[in-house]
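Take a look at the structure below.
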Amino acid sequence: MKISDLARAVPGAIMILEPEHQNVTSLCTDSRKVKPGAMFFCIPGTRMDAHEFAPQAVELGAVALVVEHELDVECAQVIVPDVRAALSYIAAEFYGNPAASMHMIGLTGTKGKTTGSFLIKSILEAAGHKVGLIGTVCSMIGDKQIPANLTTPDPIDFQSLLRQMKDAGVTYVVMEVSAHATALRKLEGMKFDVCGFTNLSQDHLDFFATMENYLDAKMLLFAQDRCTRCVFNADDERVAEAIKPLTIQKMSTGIRAKADMFANDIEVGERGCSFRITMYRRYSINVELRLSGIFNVYNSLMAAAICDAAGVSPSAIQRGLEAVMNVPGRIELLDTETPYRVILDYAHAPDALENILTTVRETARARVIALFGCGGDRDHEKRPMMGEIGGRLSDYCILTSDNPRSEDPMLILGEIEKGIKQTKCEYIVIENRREAIRYALSIAQPGDVIVLAGKGHETYQEIKGEKRPFDEKVVVKQLLDEMDQTSHASEAQK
């Protein structure tokens, strides 16, 4: 594709030194990975400015640079107001603007994005559509899974994935939209048919600094030129207040507050919940959900309302909700064949930990044993908060490493301890997560529930810049096998 064609996709772009008949064959944001024919994007960052690596990119064969100011380099240059935004516009143009011919659904919020996206996908499939999913756990084209590294991929990967979906016959794309994605302008030029806002609670303050900044970033998804219709959780007062001034079409969901779509007759059980969804003055459906927890009633309402806004029938909504067996790493009950339950959950923020432990507490026949930690190089304020929540809602806590990243794990655990010490809960600190899980399994008694919180679907631990394999499903199975073998060996010796 010609440099000038790509440049025209960016509002306010200025071209310098465009060679005749020069085509761009790839897009690149890492100067070390530039190949001949590439367009290189000089993204300014907090630690380094990629404008400095433009000469290296040209030496490796870049035919064009996207910059925020003219460089003293013999190469075609596209000068733009914001390189990050330009990357989104140009990537979409390079891949043929695939989103323009599919229905786009976006879901944002602190919690519920992943589960909500899986529920929406299931409902749309029950209605007969071929659906693509882009999210934290994975991306999917129909039943085909594609590994995911970020909740919202970088624009080049994102548009490439949308192109694959379009070519595969996908008609609806459901995607989780993080606050980072909107703040870093990954979605410039995108238009969504429906966007949902699940809730807002403390998270990512290491990046956004304040809750106001965090909310402002999420609200960018609902700009009039980006979203046609909005669905929001009326029970979350901060969300409802933020949505109120919008002039786009709005639909509310809720359990306590007055809402367009609401749920009642709710019964939460150990392995699921039942409830009635009513769309005001239009219809009611009874749902037997196979996911437990009141928060999954909220997730179901959000998914149902979004799909209703997309024109899906009530019967397809019911079938789609009831078809979801589980969502990877979200209140996922592991098949351990033990007299106690082991639940895997991604809860890594205060509200999420409170939700999962409250749900388990309501259905536990004996003790709740919570195993959790906090990520390194992230919001320090939430660490004692999570310690207090764990201690208040559990019978026994095991504090351990999550993803310590570059931090000292014991310093992180010390900050969590400050919160748990405010409660009367008994606890132990075992920094090594594998050994912590071993200990949890060893002390569990019939009827107990072990909650492994924080890792969820992740299959690694990030320690000192290195991602080390760590899949808790695999770890639990290995440990139970080891314990079983030890038990048999002990019996044989008797």
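List of remarks:
- Percentage, to the nearest whole number, of Cα pairs in the stretch 1-58 over 18 Å apart: 39
- Calculated accessible area for the stretch 16-147 comes out at 43 Å² per residue, all protein chains present (probe 1.4 Å; ligands, DNA, RNA ignored).
- DSSP beta bridges confined to the chain are antiparallel in about 40 percent of cases.
- Values of log10 I(q)/I(0), in the order q = 0.21, 0.25 Å⁻¹, for the stretch 30-104 under a Debye, Cα-only, solvent-free model: -0.89, -1.15
- In a fully extended conformation the segment linking MET325 and GLN485 would gain 54.5 nm over its present Cα-Cα distance, using 0.36 nm per residue.
- Filtered GluC sites (Glu not before Pro), the stretch 331-400: DSSP coil and at most 15 other beta carbons within 10 Å: GLU337, GLU381
- Beta bridges per DSSP with both ends in the stretch 246-316, % antiparallel, nearest 5: 85
- DSSP bridge pairs, the stretch 1-140: antiparallel proportion in percent, nearest 5: 40
- Stretchable slack from LYS477 to SER313, in nm (0.36 nm times residue separation minus alpha-carbon distance): 54.9 nm
- Cα-based helix-to-principal-axis angle, 113-126 vs the chain, degrees rounded to 10: 80
- Placing dummy labels 7 Å off each Cα toward the beta-carbon, the span from HIS51 to ARG468 is 4.1 nm.
- Amide H contacts of CYS227 (H built 1.01 Å from N, under 5 Å, at least 5 apart or other chain): PHE192
- Projecting the Cα atoms of LEU353, GLN224, ILE294 onto the charge dipole of the stretch 216-368, computed from C-beta unit charges around the Cα centre, puts GLN224 farthest toward the positive end.
- Average 1/r across all pairs of distinct alpha carbons in the chain, invert it, and you get the Kirkwood radius: 24.3 Å.
- Spacing of the two label points (7 Å from each Cα toward its C-beta) at LYS130 and ALA257, in nm: 3.9
- About the centre of its Cα atoms, the chain shows a dipole size close to 1240 debye [charges on the beta carbon of Lys, Arg (+1) and Asp, Glu (-1) only; nearest 20 debye].
- Computed helical MRE - 222 nm, the chain, DSSP H runs ≥ 4 contributing -39500 (n - 2.57), nearest 500: -10500 deg cm²/dmol
- Separation in nanometres of the label points that stand 7 Å from Cα toward Cβ, at ALA492 and GLU435: 2.7
- Using θ = phi - 60° in the Karplus curve 6.51 cos²θ - 1.76 cosθ + 1.60, the 3J(HN,Hα) couplings for the stretch 166-181 round to 4, 5, 8, x, 5, 10, 10, 10, 10, 9, 6, 10, 7, 5, 4, 4 Hz; x is entered for Gly and Pro.
- Helix 294-309 and the long axis of the chain differ in direction by around 40°, with both axes built from C-alpha atoms.
- Per residue, the solvent-accessible area of the stretch 177-218 (1.4 Å probe, heavy atoms of protein chains only, all protein chains present) comes to 33 Å².
- Long-range Cα-Cα pairs in the stretch 205-359 (distance over 29 Å), rounded percent: 25
- Computed from Cα atoms, the angle from the helix 382-393 axis to the main principal axis of the chain rounds to 30 degrees.
- A straight chain from SER4 to LYS244 at 0.36 nm per residue would run longer than the Cα-Cα distance by 82.2 nm.
- Apportionment of accessible area to carbon and sulfur, the chain, percent (1.4 Å): 48
The values are calculated or read from the model by the stated rules, or taken from the named source; none is laboratory data. Note that this is a predicted model, so its numbers are computed, not measured. Heads up, the Cβs are rebuilt from the backbone with ideal geometry, glycines too, and the neighbour counts pull from every protein chain shown. Ligands, DNA and RNA are stripped out before the accessible areas are found, and what is left, the full protein with its side chains, is counted by its heavy atoms. Shrake-Rupley method; radii C 1.70, N 1.55, O 1.52, S 1.80 Å.
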